[in-house]
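Some notes on the structure that comes next.
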Amino acid sequence: MAEDFFSVREKVVVITGGLGQLGRQFGLALIDRGAKVAIFDAQADGRRVAERFGGQGIGENLLVLSVDVTNRNSIEAGLRRVNATWGVPHALINNAALDSPPSAPAEENGPFESYPENSWDQVMEVNAKGVFLCCQVVGGQMAEAGRGSVINICSIYGLVSPDQRIYQYRRAGGAPFFKPVAYSASKSALLNLTRYLATYWAPRNVRVNTLTFGGVFNNQDEEFLRGYCARVPLGRMAREDDYNGAVIFLLSDASAYMTGSNLVIDGGWTAW
Ligand SMILES: NC(=O)c1ccc[n+]([C@@H]2O[C@H](COP(=O)([O-])OP(=O)(O)OC[C@H]3O[C@@H](n4cnc5c(N)ncnc54)[C@H](O)[C@@H]3O)[C@@H](O)[C@H]2O)c1
């Protein structure tokens with residue numbers, strides 16, 4: 001039988017923010033293929049866990065832990081639980097992030113000039129420092145073990161500027177709406193954190209790559225969808241399972257020679 005280059009069987013994978021829309025998808029896809037998944041999420045109450053993973057019959061291959069990625073002690077405590085349950089992880093998906101939804105308070109989505117300083121700090125704290133800390137703690141342990149794969153989740157808004165024209169309909173409605181700056185800046189930071197760590201950890205066989213996504217359908221309003229989809233060559237937002245294949249690719253031997261790269265999956269958003 002042919003070797004399965006894409007196997008993730010028996011791999012222990014830490015997913016930060018794994019109770020969110022995409023993290024749940026990654027968790028299900030990985031468990032379905034025989035991986036063991038530890039979720040580090042700051043909002044890991046029983047109801048949310050049941051909502052996200054209840055009734056899937058995945059019991060012993062899923063560990064959901066209450067971990068704040070901005071807090072080193074919390075990450076270390078989470079990792080100790082993973083170690084005690086399954087040993088040293090094989091992979092880390094830095095997926096937890098803060099973004100301002102269109103429904104956020106007006107000043108969060110207002111003009112650049114008055115974007116609140118504390119919002120900048122909060123977004124940077126989770127999206128950039130949280131990734132740095134998880135890499136130090138979880139990635140550091142994988143480096144010590146001499147193997148691993150780290151995926152840093154980025155966004156098209158970390159590669160190029162948000163296209164503020166697609167939010168024009170909000171401004172026409174009277175609100176001074178702009179997609180805010182902190183998310184973009186925080187996601188850009190990951191591109192070079194990835195390259196830094198890819199070269200730093202290459203001698204210890206830990207691969208580090210960025211995975212960049214376009215927007216995912218999540219019942220956004222009609223006007224937003226019209227503007228967004230017109231801007232995408234493939235003409236639609238991503239389905240929430242559209243990125244699972246790339247995650248499996250980056251965690252498996254199929255990408256054994258890939259490190260320091262950025263895999264962009266965006267329906268063509270950045271192609272024109
Ligand atoms: N959904 C999209 O359209 C889209 C597009 C491009 C990129 N992305 C990226 O994909 C990733 C997942 O996005 P999503 O839409 O599933 O997000 P989401 O908001 O649904 O989930 C994020 C999760 O992170 C957790 N979290 C927040 N702060 C945390 C902290 N300090 N410590 C631990 N966990 C914390 C939240 O509880 C939540 O479960 C993010 O990195 C996001 O930037 C998403």
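The values are calculated or read from the model by the stated rules, or taken from the named source; none is laboratory data. Quick caveat, the model's predicted, so the values are computed rather than measured. As a convention, Cβ positions derive from the backbone with ideal geometry for all residues, glycine included, and neighbour counts pool all protein chains shown.
With respect to the numbered conditions (1) within 13 Å of residue 247 (Cβ to Cβ); (2) more than 9 Å from the ligand (Cβ to nearest atom); (3) part of a helix (DSSP H, G or I), which one is the sole condition not fulfilled by residue 22? Residue 22 satisfies all of (1) within 13 Å of residue 247 (Cβ to Cβ); (2) more than 9 Å from the ligand (Cβ to nearest atom); (3) part of a helix (DSSP H, G or I) except (2). Counting only residues that are part of a loop (DSSP other than H, G, I, E, B) and either among the aliphatic types (A, V, I, L, M) or surrounded by 20 or more Cβ atoms within 10 Å (Cβ to Cβ) (or both), the range 253-265 holds 3 of them. Screening residue 207 against (1) at pLDDT below 95; (2) away from the ligand (no atom under 14 Å from the Cβ); (3) not in a helix (DSSP H, G or I) leaves a single unmet condition, (1). In the range 112-159, the residue that is nearest to residue 69 (Cα to Cα) out of those that are within 16 Å of the ligand (Cβ to nearest atom) and of a type in the set (Ser, Thr, Tyr) is 119. In the range 92-111, the residue that is surrounded by the fewest Cβ atoms within 10 Å (Cβ to Cβ) out of those that are in contact (Cβ under 8 Å) with a residue 40 or more places away in the chain, within 16 Å of the ligand (Cβ to nearest atom) and of a type in the set (A, V, I, L, M) is 98.
For the range 29-48, the set of residues classified as within 23 Å of residue 131 (Cβ to Cβ) and either part of a loop (DSSP other than H, G, I, E, B) or within 16 Å of the ligand (Cβ to nearest atom) (or both) consists of 29, 30, 35, 37, 38, 39, 40, 41, 42, 43, 44, 48, listed by residue number.
Matching residues to (1) modelled with pLDDT of 95 or more; (2) farther than 22 Å from residue 76 by Cα; (3) touching a Lys or Arg at 6+ places or on another chain (Cβ under 9 Å):
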| site | (1), (2), (3) |
| --- | --- |
| 13 | yes, no, yes |
| 18 | yes, no, yes |
| 22 | yes, yes, no |
| 29 | yes, yes, no |
| 36 | yes, no, yes |
| 40 | yes, no, no |
| 52 | no, yes, yes |
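The residue of the range 115-162 that is surrounded by the most Cβ atoms within 10 Å (Cβ to Cβ), among those that are more than 21 Å from residue 260 (Cβ to Cβ) and hydroxyl-bearing (Ser, Thr, Tyr), is 157.
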